[in-house]
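Read the figures in this text as sums done on the coordinates, not as results from a lab. As the structure is a prediction and not an experimental result, all values here were calculated from the model. Every residue, glycine among them, receives a Cβ derived from its backbone with ideal geometry; neighbour counts consider all protein chains shown.
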Amino acid sequence: MYAASLATAEPLTTTPLTRRPQGDFSAACTQRLPGTTADGLVVPTSRGPRDYANLDHAASTPALTVVAEAVERTLRTYASVHRGNGFASRVTSEWYEQAREEVARFIGAREDDLVVFTRTTTDSWNLLARTLPADTTVVVFASEHHSTLLPWGTRTSGATVTLPVPRTVEDGLAWLDSALAESTGAHTLVVVSGASNVTGEVWPVEQIVAVAHRHGARVALDAAQLAPHRAVDLAASGVDYVAFSGHKLYAPYGAGVLAGRADWLDAAEPYLVGGGATARVGQCGITWATGAARHEGGSPNVVGAVALAAACAVLQERRDDLARYEHTLAERLRRGLEQIPGVHTHSLFGAGSDRVGVVAFTIDGLDSSLVSTALSVEHGIGVRDGKFCAHPLVDALLADGDEGTPTTAVRASLGLASRPEHVERLVSAVTELAASGPGLTYTRGPQGWAPESDPRVVDLPRPW
Ligand SMILES: Cc1ncc(COP(=O)(O)O)c(C=O)c1O
């Protein structure tokens, strides 16, 4: 209805990135994959300018070019959502609800599931924690990201059962089964990640759902690391709730999602009390809205919602191409790192486990933070180091190592801004580091490791 009126606006062009065949990767590189806003970024290093090797997608991704274009289009008519009758407000409100429908398709939502726009996965779980019925027992593995592990303890009623970090799938399922058999709460919720943000391992979600449902428990799936790489289907999998973040899904405009069963969400107090969450406010009381609006108090983040929907549409359409590309890169990354003497990659369930493109590794005798600094300063490679907001998991993984194993790890994570050449560069840089240490002298200060003269300290103008 609005499309015709907007058709006169200048169209924006999309330039899909063409991957150039390089080295062993030619088969994976001949596809045309969606480009990102960060493609072609060149960064200073001690060895001269380098194409930025973005191997940190598990933290945050750049926007897809088509997402940025959708945002730009949204801004032309940007106005209030559900708060005005002007043309721009009507267009904006319509697009906000269409974004919700697109997200619902992306996650295979059931007819009566709610899709609530939040800020992030952390926000989504805090919302769900507040809406659980009284006397709900939550069962969660200690291996979860802190955002998925911690919000349940903040409730005023109900227990939280934290299961140890499992080292086999069979153990994990058996422990879950026993915990659920012993649960005495009126309701039980199992919370689990689809893919680990540390090891990239994909958890057996359908088996977990089967165990949970056998005990009458519901399942909440943290898809923050899964959704960027694999399909999520609520209806087919039986998962009851799902949460994920736009900034990890090529849509870094401040929106996340909590979706799933409507009953608990509709029965709970609004997450944010205020305008938008109300159906009626009178002298004698307040009637809260039902549906997603009940938990979306305040003016909605329509830009974030549209961005997320645009990313969902592209990822859904290109899922197979993306999976092939990432799989080829991930295999090369893992094999490359595993062959370097003194380098250890880490996993929960063993070498053969199914994984997305996330690898945690350590180098004997080298502090992980020094490794990530040297990769950045000398090679133009972006990775993350530390415990990745999953302290119990990283502690368990690194406890396997010998004396002298670092207490933190380095994480390389792949996505659409990663190139085959970036993976090759990482593998050769890590080979160099493991054999002879960093090429520069670094000292540790309050801000972490730094070389004597840091090539990355540049006087960039502010973006505004
Ligand atoms: C598996 C997992 N869950 C939850 C989160 C929290 O996501 P956010 O910071 O977007 O709330 C992360 C972030 O790294 C994650 O990797």
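Looking at the chain, the DSSP beta bridges with both ends there are about 65 percent antiparallel. Computed over the chain, the per-residue total of -39500 (n - 2.57) for DSSP H runs of n ≥ 4 gives a 222 nm mean residue ellipticity of -10500 deg cm²/dmol, rounded to 500.
Look at where the Cα atoms of region 104-175 and of region 271-321 average out, and the two centres are 20 Å apart. Using C-alpha pairs under 8 Å with a sequence gap of at least 6, the mean separation divided by the residue count of region 229-318 gives a relative contact order of 28 percent. Shown in residue order for region 384-394 are the 3J(HN,Hα) couplings computed by the Karplus curve 6.51 cos²θ - 1.76 cosθ + 1.60 at θ = phi - 60°: 10, 10, x, 10, 6, 6, 9, 4, x, 5, 5 Hz (x for Gly and Pro). Working from the Cα coordinates of region 68-316, the gyration tensor eigenvalues give, after taking √(5λ), semi-axes of 32, 22, 13 Å in decreasing order. Relative contact order, whole percent, for the chain stands at 21, derived from Cα pairs under 8 Å and 6 or more residues apart.
Over the C-alpha trace of region 380-464, radius of gyration and Dmax come out as 15.9, 49 angstrom.
Between the amide H of ARG50 and those of VAL43, THR45, distances stay under 5 Å, these residues lying 5 or more places away or on another chain, with hydrogens modeled in the peptide plane.
Solvent-free Debye calculation, one equal scatterer per alpha-carbon of the chain: log10 I(q)/I(0) at 0.06, 0.09, 0.11 Å⁻¹ equals -0.28, -0.64, -0.94.
Couplings for region 238-246, taken from phi via the Karplus curve 6.51 cos²θ - 1.76 cosθ + 1.60 with θ = phi - 60°, read x, 4, 8, 9, 9, 9, 7, 10, x Hz in order; Gly and Pro are left as x.
Amide H contacts of THR118 (H built 1.01 Å from N, in plane; Pro and chain starts excluded): GLY256, VAL257, LEU258 sit under 5 Å, all sequence-distant by 5 or more or on other chains. Annotation: amide H of LEU189 within the under-5 Å range of THR137, VAL138, VAL139, ARG218, sequence separation 5 or more or interchain, hydrogens built in the peptide plane. Ordering of 87-95, 369-377 by packing is 369-377, 87-95, highest average first (other Cβ atoms within 10 Å, averaged per residue).
Rounded, prolate or oblate: pick one for region 333-416, where a ≥ b ≥ c are the square roots of the eigenvalues of its C-alpha gyration tensor, a/c under 1.5 means rounded, and failing that, prolate if a/b is larger than b/c, else oblate. Taking the square roots of the gyration eigenvalues as a ≥ b ≥ c, region 333-416 is rounded.
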